[in-house]
Amino acid sequence: MKLFLSISCFIGFSLAGLGQQSFLLEVRDAHTDLPVTGAYVRLLQANDTLYTVTDPTGRASFKSASPGRLEVSHISYMPYVKEAKASQTKLLIYLTPSQGELDEVVVTGQSLPTLARESVRRVQTLDAKRIQRQAAVNLNDVLRNQLNFQISEDAILGSQTSLQGLSGAKVKILIDGVPMLGRLNGELDLNQINLNDIERIELVEGPMSVQYGTDAVAGTINLITKRKATTKPEVSLNSYYESVGRYNADGTIWFPLGKWHNSLSLGRNFFDGFDDTPDSRSLSWNPKEQYFTSIGTQRRFKNLLLRYRGEYFYETITNLGPAGSFSSIIIPVDTGAWVYPRALDDYYKTTRLNNAVYADYYLGEHEKINGFIAYNHFKRQKESVVKNLNDGTEQPFGGLDAQDTTVFGQLSSRSFYTNTLKENKLSYQIGYDFFYELNRGKRIAGNFKTIADAALFVSVDYSPVSWLVLQPGLRYAYNSRFDAPLITSLATRFELDKHWIMRASYGRGFRAPTLKELYFFFVDENHNILGNEDLTAETSDNYQAGINYSRQTTNGSVSLDFTGFFNNIKNEIRLIPIILPSDQDRSGLFVNNNIAQTQTSGGTFTAQYRFKGLEAEGGASLIGIKNNLSFSEEAASEDVSGFRFNVQYRLSVSYNWEKAGLTPSIFLNHLGARKDLTTNAEEDFVLREFAAYSLLDFTLQKRMWSNRLTLSVGVKNLMDVTDQQVTGSAVGGSAHSAGSSSVPLSYGRTYFGRLQIAL
Amino acid sequence: MKKIAGIILVLTLVWSCKKEEELLPGWFITDQVGMANMVSENGIDYQNQLYFDLGTGQLKAQNKRDAWDLALGCDPDHPNLMVNSAMLQAVAATGDTDFSRNYDPSVHSFRYESAETFFNRGIMQTDFGSDGTPAGEVFLIDLGRDLNNQRRGHKKLQILQFDKGTYRVKIANPDGSDTQEFEVDTDAGYNLQFVSFNDINTVLTLEPLKDEWDLHFTKYMEKLWDGEDTLDYSVTGCLINPYGCSAYYAEDLSLDSTISYSDITANDIIPSLFNTSANSIGFDWKFYDLDAGAFAVLNRNIYFVRDTENQVYRLRFVGFYDASGNKGAVSFEYLPL
């Protein structure tokens, strides 16, 4: 009957003189609302089958269309099937990205969304499936199980990472391409980067300073937020409990309002702290409470896609002092005195406010403009209070640095124009990157400073022959505070055959001196420490080469990858003594200077295997570090000037038992012992060895209620690793001393449960 | 409805809050309690210098530490001059007796008054011969820093005469400007009397009579080993009266965690350890806890003090902050044994 009606309608149209009606189709990504290029469209009609492929604007058309069955397929998306009605002359189709296949679409450093396999640079993705299977709450949880990353923990500053042996200060972290603000001592707290609103994480190792500017030295982490262009409201709820005392809950609603696609998400993460010693007031893992919310809206106006995302985050870390950590109150009476214990407690409050407006504008079939303008605000308050443990009253403590507020504000914008002059042959990208940052806080001369940076960048994709792509890039910048370096890069991709791809690149990266490094000011009776207005950027040269083998079969796929790298970082900023403290001048004078050099080198091997429900991923990496001390003549004479290598192994296996709705997974990450060259108080070299450790997680997922409800349970840190032993042994000199200590890694083995509901 | 109930259930399951902390009881100490409040106003640390008497349990005198620049020994047979370490003042001996010369402070090396011989022997005491006659060497004085930590410049000083407790002193700016001469007639009932360079004609009696106090709380300069070198540091602590007081830190008792402070008796005293150095109690009964960002008092550090009346006390420090959390509010407990 329906068919009959359709046909009747169609006939009706035809009769109205629209017989040669063309049928226009537009295919877009259901998450990003961006056009899907190269989708294969099939229209099965009663008497014929028509084929076409979508163009770069995601459009395709059939000259003469009669009703039939429409099939749209693309290697990176779930197949789409629809009965096309004859009444339709235009049809908008949303394709849902498929996950975990070899061909994932990536955007980091790309002019257009590109298949990871076809990207000139190697882009790794950690998708929603991986995040879910690992039951990861924040970025720290995911990177803990990633090759070439090493996580360190600080009770106050949170979780920090190093990549390819370089500190987190040299890792750029972006949310949808917008740089994250709020580096304290150069590092971002990975615990503050929640993944509840994150679709996938894209990782690029090696510098991306041409596109992303400062800090993109060791690598770039781009978090891609969840986006859904739905026609009816959808709700997802997520709750998480971990036996150490974590209680998390969050929820998101996606809803259309007219032509606007909107989302609202709310969440709270609570951790009640942990310590080995029961009933200890001072905890080695501080209690934390986070509240976060985000709103998003997007709309397409013909060739323009506009999107806004706003995000608010508030965290309180409570650092309680041990009972009696502060002088007791003494109240004298006639026969003696009453003593009441007090403690010194600190509260660290972090507020983040991120706002960004994105625009994608299609000028024509081969021209496109992408850009954003964003304002980010970051505030970190330290409040120290003296608590009377007898009556519970608190009052602000007036000690040095007991009360401190640091504020960062950043207005930033990056836009670029992409023009494909010749399909698959020559395209270029030209754009600008701008930011204006302000920093308010103690220990900055005048307590307030600003910095502005404007850069132009250009990159070209040139494919002289079908198997070779060359991608040169150039960035020229003006900075209001220092001479910004000229940044160049050259990436190449060789498609040796269908299965083998080789990539090689050279890139320059830089890390700009922060306002604090430029204008540090700490002068009192016992200190004389200054920044340095003449600082320049730290620069790095990165060489990278890799080869990838991949093969896809009907039931599975296999991929092998080997990559080697070498980083040479110069002009690293360090605090150096200009005047050593002496009897005449007790504080001396310490000033920041571009003085240090570090080299790292290494290689990574990864293998992925998928067969039916089985997914296995394993890898090994070797990272060598030669730090600044290794370059001294003394180091050469003591024979400690070489690279120090450490190994890392990683394995994850999961099996999707579709029929039972069960997915068990294990994640293993082994970090080998690592050595580090330092000096002791007597200026003798000390080799510190950080002991090896392994992190092993097990999770089991159960899907119910036609996949709308997912229950995950599991064990994290099954081997109950808590600390990393550090032993130091002096090199050379007459005295051979050895010391031993440990650094915290984790609070040990925990059990978790997680419930996710999608309505 | 069921769905909503389910959602609420899920959310409440994972909702937890900080637990209210249980309050702790106070405790009573039966020893006498002494307090020396050096807490400053307007954000300036350790403004006060205080004199405490153990026998009466009284604070005998106190003054702002910027009240004086020159201390003069009151013993008619032992002349002595000192500058104010609490203001980071220091002295350089020029080796020259020509007061009219223009002295450049930057070429001279300055020293702080020693904590050990505090009150007894200042740097400028070397100028006095065995008969008490000054040699007339010109000393340069670094006036240190004022309460706002600003440098105060330099003076040159020459001792002209000493006669049975009466000093004649000449001071001027290093270039010779603002030359002034003054005479101080000291009272032998005190250890020290004082003069401020702002008003050289007034003799200041800041210290109580010398047999009426035992402990002096002040900022002073101490030589500390930083692992490479001895450096001068400004510390805040407790100095003892040179007139009859002695004290020592009972290290063995302090380190023995099986001994309770309240069980310490006269039998625990080792008389041979009593030391008359001014800094025998000193400043290190507290330390700066970098993690906490505050001073922590080592209340396990046990001291024995013999006062001017020859009574021995056990003493330990218990606090360094006042009720509002300001540093410099020293409290200690002590008991005659």
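The values are calculated or read from the model by the stated rules, or taken from the named source; none is laboratory data. Predicted model only: the values in this text are computed from it and were never measured. Methodologically, a virtual Cβ is constructed for each residue, glycine included, from the backbone with ideal geometry; neighbour enumeration extends over all protein chains shown. We work out accessible area using only protein heavy atoms, side chains counted, and drop any ligands, DNA or RNA first. Shrake-Rupley method; radii C 1.70, N 1.55, O 1.52, S 1.80 Å.
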* Asked: Alpha carbon centre of the range A:358-419 versus the range A:700-719: separation in Å?
  -> 34
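Find, among the trypsin sites (Lys or Arg not before Pro) in the range A:634-704, those assigned to loop by DSSP (not H, G, I, E, B) with at most 16 other beta-carbon atoms within 10 angstrom. Mind showing how you got there, number by number?
Values: sites: A:ARG644, A:ARG650, A:LYS659, A:ARG674, A:LYS675, A:ARG688, A:LYS702, A:ARG703; in loops: A:LYS659.
Answer by residue number: A:LYS659.
Please give the net charge around B:THR133, taking every other residue with its beta carbon less than 14 angstrom from that of B:THR133, where Lys and Arg add +1 and Asp and Glu add -1.
-3
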* **Apportionment of accessible area to carbon and sulfur, chain B, percent (1.4 Å)** => 47
* Structure fact -> Of every hundred units of 1.4 Å-probe accessible area on chain A, the number belonging to carbon and sulfur atoms, as a percent, is 58
* ³J(HN,Hα) computed for each position of the range A:215-227 - Karplus, 6.51 cos²θ - 1.76 cosθ + 1.60, integer Hz, glycine/proline x -> 6, 7, 9, 6, x, 10, 10, 10, 8, 9, 6, 6, 9
* Relative contact order %, chain A, counting alpha carbon pairs below 8 Å whose residues are six or more apart -> 8
* Asked: What ³J(HN,Hα) values, in whole Hz, does the Karplus curve 6.51 cos²θ - 1.76 cosθ + 1.60 give for the range B:103-120 when θ = phi - 60°, with x put for Gly and Pro?
  -> 8, 9, x, 5, 9, 9, 9, 9, 10, 8, 5, 6, 6, 5, 9, 3, 6, 8
* For the range A:23-86 and the range A:132-194, what is the separation of their C-alpha centers, rounded to whole Å? -> 41
* Structure fact -> As straight-line cross-link partners of A:LYS379, the qualifying aspartates and glutamates (C-alpha separation under 20 Å, not fewer than 8 residues apart within one chain) are A:ASP154, A:GLU187, A:ASP189, A:GLU289, A:GLU311, A:GLU315, A:ASP345, A:ASP346, A:ASP401, A:ASP404, A:GLU437, A:GLU517
* Asked: Cα gyration tensor of chain A, axes a ≥ b ≥ c as square roots of the eigenvalues: rounded (a/c below 1.5), prolate (a/b > b/c) or oblate?
  -> prolate
* To do: At a Cα cut-off below 19 Å, give the lysines reachable from A:LYS675, other chains included and same-chain residues fewer than 8 away excluded.
  => A:LYS626
* **Whole-number percent relative contact order across the range A:570-668, with pairs defined as alpha carbons under 8 Å at least 6 apart** => 20
* To do: Determine the calculated [θ] at 222 nm for the protein assembly as shown from helices alone, applying -39500 (n - 2.57) to every DSSP H run no shorter than 4 residues and normalising by the residue count; nearest 500 deg cm²/dmol.
  => -1000 deg cm²/dmol
* Structure fact -> Note on the range A:105-225: alpha-carbon gyration tensor, axes a ≥ b ≥ c; rule is a/c under 1.5 for rounded, else prolate if a/b larger than b/c, else oblate; result oblate
* **For the range B:252-337: span of alpha carbons on each principal axis (Å, largest first)** => 38, 31, 22
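Over the range A:529-571, what relative contact order in percent results from Cα pairs under 8 Å that are six or more residues apart?
46
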* Structure fact -> For chain B, longest principal axis from Cα atoms; helix B:2-13 axis from its Cα atoms; angle between them, nearest 10 degrees, is 40
* Asked: Which of the GluC sites (Glu not before Pro) found in the range B:193-236 are in a DSSP loop and have at most 14 neighbouring Cβ atoms, other than their own, within 10 Å?
  -> B:GLU228
* To do: Could you work out the longest stretch of chain A that avoids the chymotrypsin sites (Phe, Trp or Tyr not before Pro) located in DSSP loops with at most 14 other Cβ atoms within 10 Å?
  => A:1-466
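Order the following by accessible area, largest value first: A:GLU538, A:GLU104, A:GLU394, A:GLU682. Probe radius 1.4 Å; ligands, DNA and RNA are ignored.
My answer, sorted largest first, is A:GLU682, A:GLU394, A:GLU104, A:GLU538.
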* Asked: Taking a 23 Å limit on the Cα-Cα distance, which of the listed pairs A:LYS82/A:LYS232; A:LYS302/A:LYS425; A:LYS382/B:LYS64; A:LYS90/A:LYS129 fall beyond it?
  -> A:LYS302/A:LYS425; A:LYS382/B:LYS64; A:LYS90/A:LYS129
* In whole Å, how far is the Cα centre of the range B:229-269 from that of the range A:268-335? -> 43
* For the range A:143-157, 3J(HN,Hα) per residue [Karplus equation, 6.51 cos²θ - 1.76 cosθ + 1.60, θ = phi - 60°, Hz, x = Gly/Pro] -> 5, 4, 10, 9, 4, 6, 9, 10, 9, 10, 10, 9, 4, 9, 7
* Selection from B:VAL318, A:ASN196, B:GLY144, by position along the positive dipole direction of the protein assembly as shown (Cβ) -> A:ASN196
* Antiparallel content of DSSP bridges confined to the protein assembly as shown, in %, to 5 -> 95
* Asked: How far is helix A:2-13 tilted, in degrees, relative to the longest principal axis of the Cα atoms in chain A, given as a value from 0 to 90 rounded to the nearest 10?
  -> 70
* Asked: Under a straight-distance cross-link criterion of Cα-Cα below 23 Å, which lysines are reachable from A:LYS387, leaving out those fewer than 8 residues away in the same chain?
  -> A:LYS288, A:LYS349, B:LYS18, B:LYS19, B:LYS286, B:LYS327
* To do: Could you state how much accessible area is buried at the B-A interface, both sides summed, with a 1.4 Å probe, in Å² to the nearest 100?
  => 4300
